[in-house]
Amino acid sequence: MGSKAVDDLIEASSGVHFSGFHLGNTNQSTSEVEHPATESVKQPFVIGVAGGAAAGKATVCDMIIEQLHDQRVVLVNQDSFYHNLTPEELNRVHEYNFDHPDAFDTEQLLCIVEKLKRGQAVDIPKYDFKNYKKDILPARRVNPSQVIILEGILIFHDARVRDLMNMKIFVDTDADVRLARRIRRDTVEKDRDISMVLDQYSKFVKPAFDDFILPTKKYADIIIPRGGDNHVAIDLIVQHIRTKLGQHDLCKIYPNLYVIQSAFQIRGMHTLIRDSQTKKHDFVFYSDRLIRLVVEHGLGHLPFTEKQVITPTGKPLSSISAHLCPVLQKGSVSAGSLYTGVDFCKRLCGVSVIRSGESMENALHACCKGIKIGKILIHRQGDNSQQLIYEKLPQDISDRHVLLLDPILGTGNSAVQAISLLVKKGVPESNIIFLNLISAPQGVHVVCRRFPQVKIVTSEIEIGVNKDYHVVPGMGEFGDRYFGTEDD
């Protein structure tokens, strides 16, 4: 698989469009402040499903709900939030454009979704399409759920609604197919005359699609061609939702576990490095990209000090009164603007668990110039017990913050032995950040319970560990694939 082919796969695998992400003299304070932790996944998981009329949005939603049968899912249809028609509008209802953004009560939709996100039960109106009012039929009582699906032709039109979503899906179906479905639905189910259906389509439906619906396609994280017929895309979406829900559950249990914010770009890279057919150079390339993201995220959890610097902007100092800038000598530099930022943690080192952990060293060197890196070798025996074979660590490691490097957290036994060694060397638990690409829940439980102050930073939580103590679905023996020693 060539690099271009791999890039193309990320862009259009199985009919799914993966979008990119929509990372002088100074005064310095002496107090260290912990960098605030960023919540990696929010609950509930809100999905928006948009697309033209009769594109297959309802089918896609039904398939997602069916596959998420063990999760609490609520479906909120935009059609429930049409405005009540006035007497004047009722007299000319055939001239009313139900496909225009102004036809919807977006404020009420926002209010209901925000309440659901806050964990409150809500009453969703049922729009009466005979009387064109939403306060005649009894409302539908809906309890808070783990997953909220918002479905509608213009569900992406309002930025405030879009901002509530964790995932945005656009169902992209050919215009002729949509028209054929609409004719069949309106003539058979609604007993309408075909000429009336075509007149409404040409006057309102098609212009509204071109002017309001199609432009929202650019906001989609995923574009699904063929709607409900694209089973591969829907399976991938459901798998992603399950992963995010599982990650959030563990993050709620352990405040020292951090999963980097995922998008389908990251999901695409994970797909490639897990594929057994991916060639070594592509495996290394995309592994390095993911490792770099994990390292950068891990560095964000280090303590920092506030620091002020003078930027190289402004007028020469000679034109500024000396009493306004007493810390600078006249003529030495130009007087610039004051910027208040932060200074990196200076007492830092890395420790890699040989040998797969060494694959993460390049990314750490790229982020932290001149950083010291120690080594730990742990031998795995047949019963999955661990035996420390070799260690070479900086002599002053007890005075440093330590980034422990190992791409796979499986049973947690190796990690516990490595962390125990660091603690024995005098490194406080709170000074250790364990960086890895994938973590199994078993390993997370073991490490977090044994060392509740050690931070774990990972890019994805796996399903579990099999009887051979391998992470599943996993990516095989990481070190062998990365260093090209699979045949050995």
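Would you work out which of 207, 166, 121 lies farthest towards the positive end of the dipole of segment 121-209, given +1 charges on the beta-carbon of Lys and Arg and -1 on that of Asp and Glu, about the Cα centre?
121
Taking other Cβ within 10 Å of each residue's Cβ, how do 414, 337, 145 sort, fewest first? Walk me through the intermediate numbers first.
Details: 414 22, 337 10, 145 17.
Least to most surrounded, the residues fall as 337, 145, 414.
So what is the relative contact order for segment 45-236, in percent, with contacts set as C-alpha pairs under 8 Å and at least six apart?
Details: 304 pairs, mean separation 69.7, N = 192.
Worked out over segment 45-236, it gives 36 percent.
Anything over 29 Å Cα to Cα? Flag those among 392/455; 126/190; 252/372; 130/244, in the order listed. Don't skip to the end; give the middle numbers.
Details: 392/455 22 Å; 126/190 18 Å; 252/372 34 Å; 130/244 41 Å.
Pairs exceeding the cut-off: 252/372; 130/244.
Residues with amide H under 5 Å of residue 351's amide H, sequence separation 5 or more or different chain, H placed in the peptide plane at 1.01 Å from N; which?
374, 403, 404, 405
If you rank 209, 483 by fewest surrounding Cβ atoms within 10 Å, what's the result? Show your work: numbers first, answer last.
On the way: 209 20, 483 16.
Neighbour counts put them in this order, fewest first: 483, 209.
From the backbone phi of segment 100-111, what are the Karplus-calculated ³J(HN,Hα) couplings (6.51 cos²θ - 1.76 cosθ + 1.60, θ = phi - 60°) in whole Hz, Gly and Pro given as x?
Computed from phi, the couplings for segment 100-111 are 8, x, 6, 6, 9, 8, 5, 4, 5, 4, 4, 4 Hz.
Pop out the ³J(HN,Hα) list for segment 341-353 in order, Karplus 6.51 cos²θ - 1.76 cosθ + 1.60 with θ = phi - 60°, rounded to Hz; leave Gly and Pro as x.
x, 9, 10, 5, 5, 8, 8, 9, 8, x, 9, 9, 8
When N is the residue count of segment 336-488, what does its C-alpha Rg come to as a fraction of 2.2 N^0.38 Å? Show your work: numbers first, answer last.
Values: Rg = 16.3 Å, N = 153, 2.2 N^0.38 = 14.9 Å.
Scaled against compact globular proteins, the figure is 1.09.
With a cap of 13 neighbouring Cβ atoms within 10 Å, and only residues DSSP puts in a loop, list the trypsin sites (Lys or Arg not before Pro) found in segment 161-222.
Details: sites: 162, 168, 178, 181, 182, 184, 185, 190, 192, 203, 217, 218; in loops: 190, 192.
Sparse-neighbourhood loop trypsin sites (Lys or Arg not before Pro): 190.
Order by neighbour count: 240, 69, fewest other Cβ atoms within 10 Å first, most last.
Ordered by Cβ neighbours within 10 Å, fewest first: 69, 240.
Throughout, read-outs are computed from the coordinates displayed, never taken from laboratory work. In this text the structure is predicted, and so the values were computed from the model without any measurement. For neighbour counting, all protein chains shown are included, and Cβ atoms are generated from backbone atoms with ideal geometry for every residue, glycine included.
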